[in-house]
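The values are calculated or read from the model by the stated rules, or taken from the named source; none is laboratory data. It should be emphasised that the depicted structure is a prediction, and the values quoted were computed from it without experimental measurement. Cβ placement follows ideal geometry from the backbone for every residue including glycine, while neighbour counts extend to all protein chains displayed. In case anyone asks, the SASA skips ligands and DNA or RNA and just uses the protein heavy atoms, side chains included. Shrake-Rupley method; radii C 1.70, N 1.55, O 1.52, S 1.80 Å.
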Protein chains: 2
Amino acid sequence: MSQEIPTAEVADPRIDVAALGEQLLGRWAKTRRTARELSARPEAHRIEGLSLEEHRARVFDQLGYLVEQKAVHRAFPERLGGSDNHGGNIAGFEELVVADPSLQIKAGVQWGLFGSAVLHLGTREHHDKWLPGIMSLDIPGAFAMTEIGHGSDVAAIGTTATYDPDTEEFVLHTPFRAAWKEFLGNAGVHGTAAVVFAQLITRGVNHGVHAFYVPIRDADGFLPGVGGEDDGLKGGLNGIDNGRLHFDRVRIPRTNLLNRYGDVAVDGTYSSPIESPGRRFFTMLGTLVQGRVSLDGAATAASKVALQIAVTYANQRRQFNASSDTDEEVLLDYQRHQRRLLPRIATTYAMSFAHEELLETFDQVFSGERDTDEARQDLETLAAALKPLSTWNALDILQECREACGGAGFITKNRFTSLRQDLDVYVTFEGDNNVLLQLVAKRLLADYAEEFRKLDAGVLARYAARQAEDVALNRWGLRQLAQSWTDAGSEKRSANFLKDPQTQRDLLADRVSTMVAEVAGELKGAAKRPQAEAAALFNHHQDRIIAAARAHGELLQWEAFTRQVDAVEDAGTKSVLTWLRDLFGLCLIERDLDWHLMNGRLSGQRARTLGPYINRLLARLRPHAQDLVDAFGYGPEHLRAEIATGIEAERQDEARAYYRRLRASAEAPVDEKVLIARRRASEKARLKERGSKARVGRSGA
Amino acid sequence: MSQEIPTAEVADPRIDVAALGEQLLGRWAKTRRTARELSARPEAHRIEGLSLEEHRARVFDQLGYLVEQKAVHRAFPERLGGSDNHGGNIAGFEELVVADPSLQIKAGVQWGLFGSAVLHLGTREHHDKWLPGIMSLDIPGAFAMTEIGHGSDVAAIGTTATYDPDTEEFVLHTPFRAAWKEFLGNAGVHGTAAVVFAQLITRGVNHGVHAFYVPIRDADGFLPGVGGEDDGLKGGLNGIDNGRLHFDRVRIPRTNLLNRYGDVAVDGTYSSPIESPGRRFFTMLGTLVQGRVSLDGAATAASKVALQIAVTYANQRRQFNASSDTDEEVLLDYQRHQRRLLPRIATTYAMSFAHEELLETFDQVFSGERDTDEARQDLETLAAALKPLSTWNALDILQECREACGGAGFITKNRFTSLRQDLDVYVTFEGDNNVLLQLVAKRLLADYAEEFRKLDAGVLARYAARQAEDVALNRWGLRQLAQSWTDAGSEKRSANFLKDPQTQRDLLADRVSTMVAEVAGELKGAAKRPQAEAAALFNHHQDRIIAAARAHGELLQWEAFTRQVDAVEDAGTKSVLTWLRDLFGLCLIERDLDWHLMNGRLSGQRARTLGPYINRLLARLRPHAQDLVDAFGYGPEHLRAEIATGIEAERQDEARAYYRRLRASAEAPVDEKVLIARRRASEKARLKERGSKARVGRSGA
């Protein structure tokens, strides 16, 4: 076990805020800057207190503004006026959340889902026919995948598209109420077309879910056979007109099938470049991964805004005067306040750095630079691992920031509450977080099975249980950690141990691999058992396997963070960022400390030093808190929170000046407590005097 | 260590829902029923989508309706039309949250804060003069305590009330911007008077914070010298017109001082029945504890509504067909879904039973039945311990329920999001949760110090560290747990151990007392050190001591739950409720399992059986989930959530009937996957046939 201290620590480190800010902006820094400049304009901002109708109308108009500003076409083909820039498109898109999450998501519906489906699932004829109108917003459209009865389980949707060779048309139909399309942005009011996902049936065979381009509305309302309902008010994102759609034997031309991955000939013959229906389905769905990628980034951006506001306030606001009679403490000097905010800054850095890597991976696949089946699967797994973490973290961060600002945090103009309301649904849409983590878990189990296909399962389970040193297991990061850790280390040695990145990586990685190995061992052979039994067995481990997937995502975040720490050149920045990475890693380890203890990865003695060491890290990081959030790079035009304008410092200064003047004047009232203390002191003195007189009297007697 | 199994387990237990419902309603069941009947009426309901102005106007009108219905005068004196019923008043009041939290809180401002301040801080003359108008809503009023610069630290507010003997008036003044009164319900629009808290200054002495009755508005707006601002939109509770107030040398008669605990004579002489200014301050504030008590109850009521909706949906909604080809699983059959909802049901039972005890304690003090200094302090500590837990839990429960219902949970008409938005501020108002827990912690430390005043601190710390058997320590629940627990128990023995209530109590109680003892040891002598050093030392342990206070509150909840389990007579109900209590206790122990391991309270081996045992409890409780939430007793008129009306079961039934008909008909399309499987099977058969022919050929050769 290496005990090296990896980073040369600087005596009194300072962060190079500008350079760190640049690093956070990442590869598409220029696009992000352009998008932030746009998000800073009043035209793009949310106006609070609008009615549902007003907010929807405003956001629709804002989409037009985005078109004018050429802000949303980056991912489309050059020949149609786009720039084939996939990573940059997402980077720019996710910054819109800072202006108004409704604007971000409504733009996402129009160009990221509806437009992308035509782009990625359609072929050139479709592109030429519909993309110009979609790009210009002449065709506002909905993305009609989810149904009332089927959200996460898209393969089981009920809508059918049956081919009629007599008329060369598809007949779209909603066979029952649960098959109504649901929660569709643009379906409530604005959409004139939709990409509708339905079971493609031709010649008596159901070829599974395919996408169809379907006109739904004209100036007079729904077209014949199309119906729907407005979803009305939601818990947030009320600038978007979500709604339901249903179809009563609606006929569309055969060529409205978006036929990149599956086509029907005039005579009804089905063909597809992908033979396996399962793989075909996942390939089609995989083209829409950018939704998840962009939510990961938007959740990160919103977290940055929240922390920049809350830390600014915590550095100005004072409350209670514990350490002196006249000066109240600044909130961020309280340990509890540090515990509430600083680990969340660390988490946000981890989210930001991991997101940047996700964006790179996304760009490699979608630019064609590395577009293989394997790369697509990796991308989907990465997105499925990170999106749940960042969207849940964003809600946690927004809430903690709001609470850390007390009542002021609850006032709408200070931003937290509306952002949280809008981001709430990010944790269940574009893939419910629990379902996504289960997908990740299944991938982890499949990879594990692949690796050990030839080994006996019982042996494997025993391996995992014993944490045996093994070449194969080591690829999974399992290590013989226990032996060197049970030594009775001094507190200093324990700190050196905890801050060693190798320790953090080993603990985090080992937990993932052990949990996967354990579950894999217990599920071994399940596939050969009756379906209901196999399902029950998997279900019996569902909670644990989801926990493993979560831990896997966190490990990826930790690794991305560490790579970025390694990339820093400025010594001061590197020092502080190393502490921040340590804080991130150690807080994860602290959260699952019971696991590390139960499994012998950490001795009780070492474990007991973890909490105090984290507190030391907090104290060390506290002076850098403002720099760390300022490096996020949002200006007042993005924060738009009264309490982050410096108004609190002004008020505190005014109050303190008032009391200083009062103390210096003759007018200051005396505090009753002081008066009582004085009276007691003089009584005591009088008693003492009397006593000494008595003694004098006695001694004189 | 007793290994007895305390509850006779019933083979196939059933809950007596009606009886359990009655038990949950508690001592003031009749009042709760009356209040629920009122909350069920459309007149009391929130209408979603109203503008700020419309919602405010509606809620103000609803206050009038409450007066008409005689729903809000229970706590006032009989001679003025009340019924001197303090516990019942809170029980009824907190049920209003189910109609609209804005209505609850606005009623709380008018009668619970403004009216209560006149009642408890004023004297008979004040009661006769103002209470009738306050009770009838002729005088809508604000409770002006909090200032922009001072929320939690009320003692340090900046507003002054200086006595002028020449005119026999107090002069109310706001000396600087941070001293503006802030977040005051009724101050934005409706209030015509306010109880204003200010530093009372007479004859050059500041006697600390006192309350003054101050008219602020007439039909033409603010009275001379009074000014203010509307707080505008908030993250929730927008039916309440919160606002700011400030005073520019506003003169009020001497007799407008609410003088129960402190008076100023005509000549300016100050007098008080309580000599110590500190005790006087806390006594005055203590009369307002009912705000915290009622938030504890309202948070519990909202949690019940949320769980009743989410569990109903989880029992109807299906998704994914893991265990059969045709039937999808009901959500609540998934282990993860059980993990998400069932422990939260257990927590809500704990909150409900603990709240009932808090209400009893409150009633004893306020009815005069047990109105001693000690009883008041106990009440305040209990309220300060429980309110943070229940309000935080409510947010957690509302959010998990919303997520567990997916997109449907995000639609406003399904209730979760608006309730969560409204209850958000419950965690920081009427005492910020972190500040309240710190108060509890200080009380725990003070009690500890009291008990061990004569013992040496170093000895104590060592006692705590060694968990020595000691008579004194045993009063704190410390036990020599480790020795009997390190035995290599079988899984069954471990389960018997974990479900023993004595085990749960010991583990929970021991953690509180050990943490308190440890911090006490480290703080020993701090009081004698310079103020700044003592403050720094306390701050160094702030996070841990707040954790101890939280654990203390949870222990109180566990004990209240256990007392109610013991009180159940029906055997089936008792069985299920015992499992539920075990789930509550064991989930708490699981959350802090690292502590129990590090401190040798649980062996690694026993700890490893905890998770699996909790999973077994979940499976056992799962069939009772609906009964457990139905026992909360809210009807459709309270839930008012579309997804809890049975609509989901109807949709699922319709869809399943459709597929059954389809399968039975000749029209069902064949699934492409089935077709491929058939083709493969026939190819295989063909190959096999060929092979056997070849073999036949060979053998024949």
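A:Ala194 passes every criterion in (1) closer than 24 Å to A:Gly112 by Cα; (2) out of contact with any Leu (no Cβ under 9 Å at 6 or more places or on another chain); (3) more than 10 Å from chain B (Cβ to nearest Cβ) apart from (2).
Among the candidates B:Ala375, B:Ala385, which residue alone is open to solvent by less than 30 Å² (accessible area, probe 1.4 Å), in the same structural domain as B:Ala299 (by TED's automatic domain parsing), over 30 Å from B:Glu650 (Cα atoms) and without any contact (Cβ under 8 Å) to a residue 60 or more places away in the chain?
Details: B:Ala385 fails: without any contact (Cβ under 8 Å) to a residue 60 or more places away in the chain.
Every option except B:Ala375 fails the conditions.
Test B:Thr283 against the stated conditions and say whether it is open to solvent by 10 Å² or more (accessible area, probe 1.4 Å), farther than 30 Å from B:Phe366 by Cα and modelled with pLDDT under 95. The answer is no for B:Thr283. Within region B:318-335, the set of residues being more than 7 Å from chain A (Cβ to nearest Cβ) and open to solvent by less than 30 Å² (accessible area, probe 1.4 Å) comprises B:Val330, B:Leu331, B:Leu332. Meeting the requirement of 3 or more residues that are open to solvent by less than 10 Å² (accessible area, probe 1.4 Å) and more than 11 Å from every other protein chain (Cβ to nearest Cβ), the helices (runs of 4 or more DSSP H) wholly within region A:581-676 are A:604-621, A:625-630.
Determine whether A:Ser83 is without any contact (Cβ under 8 Å) to a residue 24 or more places away in the chain, within 27 Å of A:Phe362 (Cα to Cα) and surrounded by 14 or more Cβ atoms within 10 Å (Cβ to Cβ).
On the way: without any contact (Cβ under 8 Å) to a residue 24 or more places away in the chain: yes; within 27 Å of A:Phe362 (Cα to Cα): yes; surrounded by 14 or more Cβ atoms within 10 Å (Cβ to Cβ): yes.
Answer is yes for this residue.
Please go through region A:422-432 and pick out each residue that is more than 7 Å from every other protein chain (Cβ to nearest Cβ), of a type in the set (D, E, K, R) and open to solvent by 10 Å² or more (accessible area, probe 1.4 Å). If the condition is that a residue be more than 7 Å from every other protein chain (Cβ to nearest Cβ), of a type in the set (D, E, K, R) and open to solvent by 10 Å² or more (accessible area, probe 1.4 Å), then A:Glu430 is the only one that fits. The set of residues in region B:368-395 that are of a type in the set (A, V, I, L, M), under 25 Å from A:Gly406 (Cα atoms) and away from chain A (no Cβ under 11 Å) comprises B:Leu379, B:Leu382, B:Ala383, B:Ala384, B:Ala385, B:Leu386, B:Leu389, B:Ala394. Taking the criterion of being surrounded by fewer than 20 Cβ atoms within 10 Å (Cβ to Cβ), away from chain B (no Cβ under 14 Å), without any contact (Cβ under 8 Å) to a residue 12 or more places away in the chain and in a helix (DSSP H, G or I), would at least one residue in region A:554-568 satisfy it? Checking region A:554-568: at least one residue is surrounded by fewer than 20 Cβ atoms within 10 Å (Cβ to Cβ), away from chain B (no Cβ under 14 Å), without any contact (Cβ under 8 Å) to a residue 12 or more places away in the chain and in a helix (DSSP H, G or I).
Here are some residues: A:Gly151, A:Gly158. Which one is surrounded by fewer than 24 Cβ atoms within 10 Å (Cβ to Cβ) and touching a Pro at 6+ places or on another chain (Cβ under 6 Å)?
Working: A:Gly151 fails: touching a Pro at 6+ places or on another chain (Cβ under 6 Å).
None of the other options fit; the residue is A:Gly158.
Restricting to region B:396-416, and then to whatever is open to solvent by 10 Å² or more (accessible area, probe 1.4 Å) and within 27 Å of B:Glu356 (Cα to Cα), can you tell me which residue is nearest to the other protein chains (Cβ to nearest Cβ)? So, considering only residues that are open to solvent by 10 Å² or more (accessible area, probe 1.4 Å) and within 27 Å of B:Glu356 (Cα to Cα), the one nearest to the other protein chains (Cβ to nearest Cβ) is B:Gln399.
Rundown of residues vs (1) under 25 Å from the mean Cα position of the chain (by Cα); (2) surrounded by fewer than 21 Cβ atoms within 10 Å (Cβ to Cβ); (3) over 24 Å from A:Ile216 (Cα atoms), yes/no style:
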residue: A:His45; (1), (2), (3): yes, yes, yes
residue: A:Val59; (1), (2), (3): yes, no, no
residue: A:Gly64; (1), (2), (3): no, yes, no
residue: A:Ala71; (1), (2), (3): yes, no, yes
residue: A:Arg79; (1), (2), (3): no, yes, yes
residue: A:Ile90; (1), (2), (3): yes, no, yes
residue: A:Phe93; (1), (2), (3): yes, no, yes
residue: A:Leu103; (1), (2), (3): yes, no, no
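When region B:138-148 is limited to residues that are more than 12 Å from chain A (Cβ to nearest Cβ) and open to solvent by less than 20 Å² (accessible area, probe 1.4 Å), the one that is farthest from B:Glu430 (Cα to Cα) turns out to be B:Pro140. Filtered by the rule that a residue be touching a Gly at 6+ places or on another chain (Cβ under 9 Å), open to solvent by 20 Å² or more (accessible area, probe 1.4 Å) and of a type in the set (Lys, Arg), region B:255-280 gives a lone residue, B:Arg260.
So which strands (runs of 3 or more DSSP E) stay within region B:185-245 end to end and still have 3 or more residues that are open to solvent by less than 20 Å² (accessible area, probe 1.4 Å)? Reasoning before the result, please.
Values: elements: B:193-202, B:205-215, B:226-230.
Counting at least 3 such residues, we get B:193-202, B:205-215.
If you check B:Leu419 against the conditions, is it within 15 Å of the chain's Cα centre (by Cα) and within 13 Å of chain A (Cβ to nearest Cβ)?
Numbers: within 15 Å of the chain's Cα centre (by Cα): yes; within 13 Å of chain A (Cβ to nearest Cβ): yes.
When the stated conditions are applied, B:Leu419 passes them.
Select from region B:15-42 the residues that are over 12 Å from B:Leu577 (Cβ atoms) and either modelled with pLDDT under 95 or part of a loop (DSSP other than H, G, I, E, B) (or both) and list them in ascending order. Within region B:15-42, B:Gly26, B:Arg27, B:Trp28, B:Ala40, B:Arg41 meet the criteria.
Against the list (1) away from chain A (no Cβ under 14 Å); (2) open to solvent by less than 40 Å² (accessible area, probe 1.4 Å), the condition B:Ala685 fails is (2). Note on region A:333-347: residues that are touching a Cys at 6+ places or on another chain (Cβ under 8 Å) and over 10 Å from A:Leu307 (Cβ atoms) total 2.
If I filter region A:516-535 down to residues being in a helix (DSSP H, G or I) and in contact (Cβ under 8 Å) with a residue 60 or more places away in the chain, which single residue comes out as nearest to A:Glu559 (Cα to Cα)? Talk me through it step by step, then tell me what you get.
Narrowing region A:516-535 to residues in a helix (DSSP H, G or I): A:516-523, A:526-528, A:531-535.
Going one step further and asking which of them are in contact (Cβ under 8 Å) with a residue 60 or more places away in the chain, we end up with A:516-517, A:519-523.
Working: A:Val516: 19, A:Ala517: 21, A:Val519: 24, A:Ala520: 25, A:Gly521: 27, A:Glu522: 29, A:Leu523: 29 Å.
So, considering only residues that are in a helix (DSSP H, G or I) and in contact (Cβ under 8 Å) with a residue 60 or more places away in the chain, the one nearest to A:Glu559 (Cα to Cα) is A:Val516.
Checked against the criterion of being more than 9 Å from every other protein chain (Cβ to nearest Cβ) and within 25 Å of B:Leu675 (Cβ to Cβ), the candidates A:Pro224, A:Pro253, A:Pro165, A:Pro215 yield just one match: A:Pro165.
Can you go through A:Gly133, A:Gly115 and tell me which one is modelled with pLDDT of 95 or more and surrounded by fewer than 24 Cβ atoms within 10 Å (Cβ to Cβ)? Quick ask: steps written out before the conclusion?
Details: A:Gly115 fails: surrounded by fewer than 24 Cβ atoms within 10 Å (Cβ to Cβ).
From the options A:Gly133, A:Gly115, the qualifying one is A:Gly133.
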